[in-house]
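Worksheet for the structure shown next.
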Amino acid sequence: MDFPLPMCDLKPSKEMRGLLSGTLGPVVDLDGALDICKGKTLAAIGDVVTSDFVRSNMVPKICAIDGMTMRGEKVEPLDESLFNHVHHFDNPPGIISKRSWIAVSNAYAREGNTLLKISGEEDLLSLPSIILGPNGGVVAFGVPKRGIGINPINEKNSHICMEIIRQMEAC
């Protein structure tokens, strides 16, 4: 799906924050996520969910991590040798930076898999990952105390995410 990359950093309004805590697909346990994601282009957003997939021998096409859990606890670093590409960049908390869009776009375009190591916060990167990802792929992220949110990449979900992006404020 063609979507012009935003030319500035974006942030959700306070009214949008509740909307962004949901998922566009089911919330499942790790075994369910592994079954659903098997053989699909997968982007994992978040340290715990990324670690879960990697420990289960399913290294996603894109892994976006910031080294912290939602509770602010540090997580054990991933073995970077498992990735074909490692990209470090800044993405402030509560923001989708212009650099994030470029990093996700490049990660999908490259051969192999990419670890996106973010200084700041990776939480909102599910939106560009759904918009820029290939039809039939999946974006997975952790849903605290519930499991793993599975977001199918398809035209409907891409349009929903584009509409959310259009409502965000430039910063």
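Tabulated data
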quantity: Hits in the range 108-144 (condition: at negative phi, in contact with an Asp or Glu (Cβ under 6 Å, 6 or more places away or on another chain) and open to solvent by 20 Å² or more (accessible area, probe 1.4 Å)); calculated: Ser119, Glu121
quantity: Any chance Ile164 is surrounded by 15 or more Cβ atoms within 10 Å (Cβ to Cβ) and within 14 Å of the chain's Cα centre (by Cα); calculated: no
quantity: Filtered residue count, the range 39-82, keeping only those that are hydrophobic (A, V, I, L, M, F, W, C) and part of a helix (DSSP H, G or I); calculated: 5
quantity: Hits in the range 54-99 (condition: of a type in the set (S, T, N, Q) and either without any contact (Cβ under 8 Å) to a residue 60 or more places away in the chain or surrounded by fewer than 19 Cβ atoms within 10 Å (Cβ to Cβ) (or both)); calculated: Ser56, Asn57, Thr69, Ser81, Asn84, Asn91
quantity: Hits in the range 16-53 - residues which are open to solvent by 60 Å² or more (accessible area, probe 1.4 Å), small (Gly, Ala, Ser) and either in contact with a helix residue (DSSP H, G or I) (Cβ under 7 Å, 6 or more places away or on another chain) or modelled with pLDDT under 95 (or both); calculated: Ser21
quantity: Test for Gly112: is it more than 22 Å from Gly149 (Cα to Cα), over 14 Å from the mean Cα position of the chain (by Cα) and either at pLDDT below 95 or part of a loop (DSSP other than H, G, I, E, B) (or both); calculated: yes
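The values are calculated or read from the model by the stated rules, or taken from the named source; none is laboratory data. What you see is a predicted model, and the numbers here were worked out from it, not measured in a lab. For neighbour counting, all protein chains shown are included, and Cβ atoms are generated from backbone atoms with ideal geometry for every residue, glycine included. Accessible surface areas use protein heavy atoms only, side chains included; no ligands, DNA or RNA. Shrake-Rupley method; radii C 1.70, N 1.55, O 1.52, S 1.80 Å.
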